[in-house]
Amino acid sequence: MTATEAFSLDVRGQAVGVAAGGVVPDAASAAEAPVVLLVHGAGMNRTVWQLQTRWLAHHGYTPLAIDLPGHGNSDGEPLGSVAEMAAWLTEAIAAVREQLGCDEVRLVGHSMGSLVCTEAAAAHPDGIARLVLLGTAAGMPVHPALLGAAENNELLAPELMTAWGHGNRAHVATNPTPGLWMLGGSVALLERADDGVIHADLSACAAYEAGDVAARVQCPVTVIVGSEDKMTPPRAAGALIADFADCDVVHLAGAGHMMMNEDPAAVRGALAKALA
């Protein structure tokens with residue numbers, strides 16, 4: 001494999017979209033740099049981590065931001081429940097561990113991806129060294145207007161998710177990357193989802209019940225919350241936080257649900273501390 005080739009991963013005989021921060025990982029590099037799997041939220045894909053993966057790749061880690069089935073560059077259809085996604089993620093973890101020859105991975109999940117990562121870590125704790133959750137909650141109810149728009153594949157769904165998913169600064173054109181429109185970029189990303197994907201994801205979130213999942217997680221956990229998160233307000237993570245055996249909480253002032261783009265430097269700092 002040359003430096004210009006992408007990292008390839010197959011799960012269940014289907015190709016998985018992967019972003020590795022511009023560095024192609026192999027067994028030799030993974031032996032020195034811990035492997036970090038990053039899982040996106042509803043309707044999104046691996047690119048939501050683009051302001052974190054490159055930094056991780058050049059600061060002692062092997063990041064693999066993956067697309068869930070039916071999202072981004074991953075083959076297959078979107079899975080219908082968080083439990084199904086967690087089962088798939090468990091297989092993806094096994095494939096990564098075999099391909100890179102690593103004993104363990106660190107999991108980072110955002111929104112729906114945080115539920116998937118938590119379920120996977122609880123069900124199969126072996127090989128999961130740490131768990132980092134951004135924009136998480138014990139339950140993720142979905143507004144009927146959003147669910148209806150998603151069912152009809154209307155532009156209103158990406159627009160509502162974008163409006164509710166960003167804090168106040170993003171709504172007045174503030175962007176840590178000059179020249180880019182954060183809200184417009186978020187709508188464009190969600191518009192790229194195939195018909196039915198956003199509805200499938202939101203339905204999975206709406207149906208999810210955490211139960212005792214947090215109590216079954218054995219590895220250290222870090223929960224990162226945004227003070228202006230309207231989709232998973234900080235208080236919504238309270239039940240999970242209380243049940244984790246070993247949990248740190250990081251509060252990002254002024255950040256909304258899409259904190260990876262809204263305050264990438266703060267998120268990178270939190271990840272650096274949590275993943276060490």
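Read-outs throughout are calculated quantities, based only on the coordinates presented, and are distinct from any laboratory measurement. It should be emphasised that the depicted structure is a prediction, and the values quoted were computed from it without experimental measurement. Methodologically, a virtual Cβ is constructed for each residue, glycine included, from the backbone with ideal geometry; neighbour enumeration extends over all protein chains shown.
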For the chain, just the Cα set please: Rg and Dmax, both in angstrom. 17.1, 49
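At 0.36 nm per residue, minus the direct Cα-Cα distance, what do E191 and A173 gain on full extension? Give it in nm, one decimal, please.
Once the chain is fully extended between E191 and A173, it gains 4.5 nm.
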Could you work out the longest stretch of the chain that avoids the trypsin sites (Lys or Arg not before Pro) located in DSSP loops with at most 16 other Cβ atoms within 10 Å? 13-191
Can you work out ³J(HN,Hα) from phi for every residue in segment 210-215, in order, using Karplus 6.51 cos²θ - 1.76 cosθ + 1.60 and θ = phi - 60°, giving whole Hz and x for Gly and Pro? 5, x, 9, 4, 4, 5
Send over the Kirkwood Rh of segment 26-89, from the inverse of the averaged 1/r over different Cα pairs, rounded to one decimal Å. 12.7
For every helix of n ≥ 4 consecutive DSSP H residues, a contribution of -39,500 (n - 2.57) applies; sum these over the chain, divide by its total residues, and give [θ] at 222 nm rounded to the nearest 500 deg cm²/dmol. -11500 deg cm²/dmol
Given H placed on each backbone N at 1.01 Å, which residues far from V132 in sequence or on other chains put an amide H within less than 5 Å of it? L107, V108, G109, T222
Report relative contact order for the chain in percent, whole number only (criteria: Cα-Cα under 8 Å, sequence separation at least 6). 20
Whole-Å semi-axes of segment 175-270's equivalent ellipsoid, largest first, each the root of 5 times a Cα gyration tensor eigenvalue? 26, 21, 11
Excluding M161 itself, calculate the net charge of residues whose Cβ lies under 11 Å from the Cβ of M161, where each Lys or Arg counts +1 and each Asp or Glu counts -1. -2
